[in-house]
Amino acid sequence: MADEALVIIDLQNDFCPGGALAVAGGDEIVPLVNDLIRRTEHVVLTQDWHPAGHSSFASSHPGKQPFETIDMPYGQQTLWPDHCIQGSLGSDFHSGLAWTKAELVIRKGFRPEIDSYSAFFENDHATPTGLAGYLQERGIDTLTLVGLATDYCVAFSALDAVKHGFHTTVRLDACRGIDLNGSVETMLNRMRDAGVTLA
Ligand code: VGL
Ligand code: ZN
C-alpha cells in the first residue's frame, strides 16, 4: 500500500557479530528483513554515521570505559566503543541485506557533539533528521520498524514515530537488542505504553 513504509534501522556491520558494537544474533534477522523488503513498496534505511572522535565514544573521554554513562548538555549518554565511523567497513550495511530498493537513507549521529539514536530526532529530542517531513509529504502514515538495536535505535525511533502520529509496528522477530541493565524490557514497556504495536 502506498501509505506504508518499512524502516530498517542500522543493519550495519558494526552491529553484527564480529563488529565493533556487535549485537548478539544481529545478522540472523537479514533473511527476514529481505523478505519484508520484497513485500513493501516503500523502504527507508537508517545508517549510524559517526565522525572519528565522536562524543558518544568512550575513547573520546579520558578514563571512561564503554557502556559507562556520562552527563551531556542534552542529558545522559551511554558511552560506546568506537563504531560506524563514516565510510568504514563497519558502517556499511550488512553485505547480505538487499538494500538497493531503498528510497532514502537517513544518516544519523554525524554531529560530533551529539548522539542520535532515533531516526527522527537527535538525542536532544529536538533536532529533527527530516524523516518525519519526508514521510508525511509523501502521504505515508504507517510504519513497520525492524533492525538494530531493539532497545536503542529501534525503540527511540518507534517512540518518536508515534509522537509524530504514525501508526507504528515494531517487528520484534526482525530486531535484536543490546540489553544493558535490562534495557530491552524497559524499552519494550515504554514502547507498549506509548502505543507502539509489538509484533
Ligand atoms: C546504536 C548505540 C550506539 C543502535 C547506535 O543502532 O542501536 N546503539 N549507536
Ligand atoms: Zn552510534
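The values are calculated or read from the model by the stated rules, or taken from the named source; none is laboratory data. Everything numeric here is computed off the predicted structure, so don't read it as measured data. So basically every Cβ, Gly included, is an ideal-geometry build from the backbone, and we count neighbours across all protein chains shown.
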Restricting the range 74-110 to residues that are among the polar types (S, T, N, Q) and closer than 17 Å to residue 21 by Cβ, the residue that is surrounded by the most Cβ atoms within 10 Å (Cβ to Cβ)
91
All-but-one check, residue 22 against (1) under 15 Å from the mean Cα position of the chain (by Cα); (2) more than 10 Å from ligand 1 (Cβ to nearest atom); (3) in contact (Cβ under 8 Å) with a residue 12 or more places away in the chain, failing number (3)
Answer with yes or no whether residue 151 is within 14 Å of ligand 1 (Cβ to nearest atom), surrounded by 24 or more Cβ atoms within 10 Å (Cβ to Cβ) and among the charged types (D, E, K, R).
yes
Which ones in the range 111-136 are within 16 Å of ligand 2 (Cβ to nearest atom) and either farther than 22 Å from residue 61 by Cβ or in contact with a His (Cβ under 7 Å, 6 or more places away or on another chain) (or both)?
112, 118, 119, 120, 121, 129
Taking the range 141-199 as the search range and keeping residues that are in contact with a helix residue (DSSP H, G or I) (Cβ under 9 Å, 6 or more places away or on another chain) and acidic (Asp, Glu), which one is nearest to residue 24 (Cα to Cα)?
179
Give the residues of the range 159-183 that are within 12 Å of ligand 1 (Cβ to nearest atom) and surrounded by 20 or more Cβ atoms within 10 Å (Cβ to Cβ), sorted by residue number.
175, 176, 177, 178
Counting only residues in the range 66-102 that are among the acidic types (Asp, Glu) and closer than 15 Å to residue 12 by Cα, the one nearest to ligand 2 (Cβ to nearest atom) is identified as 82
So in the range 85-136, with the set limited to residues that are at positive phi and out of contact with any strand residue (DSSP E or B) (no Cβ under 7 Å at 6 or more places or on another chain), which one is modelled with the lowest pLDDT?
125
